[in-house]
1. What is the residue count in region 105-114 for residues that are open to solvent by less than 60 Å² (accessible area, probe 1.4 Å) and not in a loop (DSSP other than H, G, I, E, B)?
2. If Val11 passes every condition in (1) open to solvent by 60 Å² or more (accessible area, probe 1.4 Å); (2) more than 10 Å from the chain's Cα centre (by Cα); (3) of a type outside the set (Phe, Trp, Tyr) but one, which one does it miss?
3. Which residues, counting only those in region 36-48, are outside any loop (DSSP other than H, G, I, E, B) and touching a residue at least 24 places away in the same chain (Cβ under 8 Å)?
4. For region 72-91, how many residues are touching a residue at least 40 places away in the same chain (Cβ under 8 Å) and either part of a loop (DSSP other than H, G, I, E, B) or among the β-branched types (Val, Ile, Thr) (or both)?
5. Look at Thr56 and say whether it is within 19 Å of Gly7 (Cβ to Cβ) and either among the charged types (D, E, K, R) or at pLDDT 95 or above (or both).
6. Answer with yes or no whether Gly57 is in a strand (DSSP E or B), without any contact (Cβ under 8 Å) to a residue 12 or more places away in the chain and either open to solvent by less than 60 Å² (accessible area, probe 1.4 Å) or of a type outside the set (A, V, I, L, M, F, W, C) (or both).
7. Confirm whether Val10 is in a loop (DSSP other than H, G, I, E, B) and out of contact with any helix residue (DSSP H, G or I) (no Cβ under 7 Å at 6 or more places or on another chain).
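The values are calculated or read from the model by the stated rules, or taken from the named source; none is laboratory data. It should be emphasised that the depicted structure is a prediction, and the values quoted were computed from it without experimental measurement. So basically every Cβ, Gly included, is an ideal-geometry build from the backbone, and we count neighbours across all protein chains shown. Remember, those area values only see protein heavy atoms, side chains included, never the ligands or the DNA or RNA. Shrake-Rupley method; radii C 1.70, N 1.55, O 1.52, S 1.80 Å.
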Amino acid sequence: VQLQASGGGVVQAGGSLRLSCAASGIIFNIVTMAWYRQAPGKQRELVASITSDSSTGYAVSVKGRSTISRDNAKRTVYLQMNSLKPEDTAVYYCNAKSSVMNYWGQGTQVTVSS
């Protein structure tokens, strides 16, 4: 199983980024995909999730600024983040989960400068 995250980078406050996570080795269309983040010195937290039937959920801190989506044909999940704030700075991790599995990607760094 591989979850390959990409799209992180350095952006100024107010800017946008689109993270991607390409999955292989799993039956992609039946799993819940999610993005988590972990800032230095803080616990990993859920940012957004999308179920197999495309129901979505968001952390309060990103709701209204971020959109999670999935393309089952491309086996990829996306996180569009707008109006970025310095407090969004973290390593962002992709997660694939079902009743029988839980996999993590390697993370991609997002840095928002003020």
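1. 5
2. Of (1) open to solvent by 60 Å² or more (accessible area, probe 1.4 Å); (2) more than 10 Å from the chain's Cα centre (by Cα); (3) of a type outside the set (Phe, Trp, Tyr), only one is false for Val11: (1).
3. Tyr36, Arg37, Gln38, Val47, Ala48
4. 11
5. yes
6. Yes: the conditions hold for Gly57.
7. Considered against the rule, which asks whether it is in a loop (DSSP other than H, G, I, E, B) and out of contact with any helix residue (DSSP H, G or I) (no Cβ under 7 Å at 6 or more places or on another chain), Val10 comes out as no.
Residue-by-condition table, conditions (1) closer than 17 Å to Ser20 by Cβ; (2) at pLDDT below 95; (3) of a type outside the set (S, T, N, Q); (4) open to solvent by 60 Å² or more (accessible area, probe 1.4 Å):
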| residue | (1), (2), (3), (4) |
| --- | --- |
| Ala39 | no, no, yes, no |
| Leu79 | yes, no, yes, no |
| Pro86 | no, no, yes, no |
| Ala90 | yes, no, yes, no |
| Asn95 | yes, no, no, no |
| Val100 | no, yes, yes, yes |
| Tyr103 | yes, no, yes, yes |
